[in-house]
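See structure below.
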Amino acid sequence: MKETKILLPEKDIPRRWYNVMADMPNLPAPPLHPATLEPCGPDDLKAIFPMSLIEQEVSTERWVEIPEEVLEIYRLWRPSPLYRARRLEAALNTPARIYYKYEGVSPAGSHKPNTSIPQAYYNKKAGIKRIATETGAGQWGSALALAGRMFGLESTVYMVKVSYHQKPYRRVAMETWGAEVLASPTDRTQSGRKVLEADPESPGSLGIAISEAVEDAAGRVDTNYALGSVLNHVCLHQTVIGQEARKQFEIAGDYPDIIIGCSGGGSNIAGLSFPFLLDKINGRDLRVIAVEPSSCPTLTKGEYRYDFGDLAGLTPYLMMYTLGHDFVPPGIHAGGLRYHGEAPLVSRLFHDGLIEAAAWPQSGVFEAALLFAGTEAIIPAPESAHAIKSAIEEAVTAREEGKERVILLGLSGHGNFDMQAYADYLAGKLADYEYPDEKIREALSRLPVISR
Ligand SMILES: Cc1ncc(COP(=O)(O)O)c(C=O)c1O
């Protein structure tokens, strides 16, 4: 019998998170305090994060124990299945073996609860009562709302305005889990008011929503901030994905040649690939591809330098690939990929040639999503469909070269709340948008030059 799903028992949920910092050839440069330009210390971060997460942020220990209270909630949906995409392979007539690790089985529908749950747990333990955060597509906001509910924390979610209107049911899901949801930019924060003054019609962006959430958290002692991607501790929590996938590949008697995941702030590709990356660092022939939209081409067209993580400049300077923190990407449907920066860990590994990047316009991405839905049946999140597009391209190349290749695709979420995106695609209403190089250069020219 040819197996389609490779399933692990609950006892195989990883008990530790894997910290790639223990093994990467070059560590990322430290975050810098915006006023002093000195590396940030724990004191600089403790206004918005609990100490346990700050410790994880800077730790270079290879393994970090997962608390039992977190494992108990992971057990509601983990381990997630690894599928062999036999029907997609047949449709492509490819000799490649395509596998996908499906994170859409989480209650929020994506990989995001892998980190929202521990973040809520550590905040609760530190005595925090309320969390403020941002959300692009609504996936992270849902994950945080869910986690807040699990641990009895209040949550306020600044949801990028374009997504707020595109996805009303995401908002309702968050409210069902007890969160307060606001369309960002709001008039509740200084950062939001400033954007609205300049452009009352602003569609919002992740950079703006992060500013609002950070400002909210910094202004209240009972409130902390939680970020759904980018930071080291977020990438760390996501490594449950790749650790499980490694075990599942052992069961399948296979090993990936190419690992492909979409990348917004980078935690998805980090979580999927980092547990395999050590093999590459040790010389194994393995490609890792981070896939992004052509309209927000952070790795493929951005620069590696210090920049803020948000629009208003409230975060430390992070050394990362960036398009400039005041870059507002067009309102494409993959809201979770509309971020100007990239995780410092992924950025460093990309800079050192251990990770590659690809970028696609959204019409080709939706074509790939429809082929996937028509063969593998799952309707993918528009973000995840970027990775599907690259996986299909690689499988077609394998066919043209007559090579057997093993592809691991990160299916980071389902698209069941993304029907407006599919409706627009089916009605022929999706426009492709290649961000003009001169606009990127312009945004980058406004960045401070920090040489260290
Ligand atoms: C389904 C899905 N996949 C991927 C991403 C991008 O994730 P990351 O920031 O971890 O790269 C998002 C972000 O919201 C998402 O919702």
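Just a few scattered comments:
- Tally, over segment 335-386, of residues that are at positive phi and basic (Lys, Arg): 0
- When every residue of segment 85-97 is checked against the conditions, none turns out to be crowded, with 19+ Cβ neighbours inside 10 Å, part of a strand (DSSP E or B) and within 16 Å of the ligand (Cβ to nearest atom).
- Residues of segment 160-177 satisfying the condition of being part of a loop (DSSP other than H, G, I, E, B) and farther than 22 Å from ASN224 by Cβ: LYS167
- Selection status of SER363, of a type in the set (Ser, Thr, Tyr) and buried (at least 17 other Cβ atoms within 10 Å of the Cβ): no
- Odd one out for VAL234, checked against (1) modelled with pLDDT under 95; (2) out of contact with any strand residue (DSSP E or B) (no Cβ under 8 Å at 6 or more places or on another chain); (3) aliphatic (A, V, I, L, M): (1)
- Hits in segment 295-331 (condition: β-branched (Val, Ile, Thr) and out of contact with any Phe, Trp or Tyr (no Cβ under 7 Å at 6 or more places or on another chain)): THR300, THR322, VAL328
- The set of residues from segment 179-226 being farther than 22 Å from GLN166 by Cβ and either basic (Lys, Arg) or touching a strand residue (DSSP E or B) at 6+ places or on another chain (Cβ under 7 Å) (or both) comprises ARG193, LYS194, VAL214, ASP216, ALA217, ARG220, ASP222, THR223, ASN224, TYR225, ALA226.
- Hey, VAL288 modelled with pLDDT under 90 and either touching a Lys or Arg at 6+ places or on another chain (Cβ under 6 Å) or away from the ligand (no atom under 11 Å from the Cβ) (or both) or not: no
- Tally, over segment 20-46, of residues that are polar (S, T, N, Q) and touching a helix residue (DSSP H, G or I) at 6+ places or on another chain (Cβ under 8 Å): 1
- Just so you know, in segment 118-138 the residues that are near the ligand (Cβ under 9 Å from one of its atoms) and farther than 15 Å from GLY178 by Cα include one that is surrounded by the fewest Cβ atoms within 10 Å (Cβ to Cβ), and it is GLY136.
- Flag for ALA373 being surrounded by fewer than 20 Cβ atoms within 10 Å (Cβ to Cβ), aliphatic (A, V, I, L, M) and farther than 18 Å from THR298 by Cα: yes
- Filter result (among the small types (Gly, Ala, Ser) and either under 19 Å from ASP418 (Cα atoms) or not in a loop (DSSP other than H, G, I, E, B) (or both)) within segment 131-159: ALA132, GLY136, ALA137, GLY138, GLY141, SER142, ALA143, ALA145, ALA147, GLY148, SER155
- Only a single item in (1) under 22 Å from PRO382 (Cα atoms); (2) in contact with a Gly (Cβ under 7 Å, 6 or more places away or on another chain); (3) more than 13 Å from the ligand (Cβ to nearest atom) is not met by SER295, and it is number (2).
- Selection of segment 224-259 for residues being farther than 16 Å from PRO81 by Cα and either basic (Lys, Arg) or within 12 Å of the ligand (Cβ to nearest atom) (or both) yields LEU227, GLY228, SER229, VAL230, LEU231, VAL234, CYS235, HIS237.
- Taken as a whole, segment 336-350 holds at least one residue that is among the small types (Gly, Ala, Ser), out of contact with any Cys (no Cβ under 6 Å at 6 or more places or on another chain), within 16 Å of the ligand (Cβ to nearest atom) and under 25 Å from PRO107 (Cα atoms).
- Pairs with Cβ under 7 Å, 6+ apart, first in segment 56-73 and over 22 Å from SER106 (Cβ atoms), second assigned to a helix (DSSP H, G or I): GLU57/ASN232; GLU57/HIS233; THR60/MET21; THR60/ALA22; GLU61/ALA22; ARG62/ALA22
- Where GLU438 falls short, out of the listed (1) away from the ligand (no atom under 16 Å from the Cβ); (2) more than 30 Å from PRO30 (Cα to Cα); (3) assigned to a helix (DSSP H, G or I); (4) charged (D, E, K, R): (2)
- One residue stands out in segment 143-174 among those that are within 13 Å of the ligand (Cβ to nearest atom) and within 13 Å of ALA120 (Cα to Cα): the one that is surrounded by the fewest Cβ atoms within 10 Å (Cβ to Cβ), namely ALA143.
The values are calculated or read from the model by the stated rules, or taken from the named source; none is laboratory data. All of these numbers come straight from a predicted model, not from anything done at the bench. Using ideal geometry, Cβ is built from the backbone for each residue, glycine included, and neighbour counts are taken over all protein chains shown.
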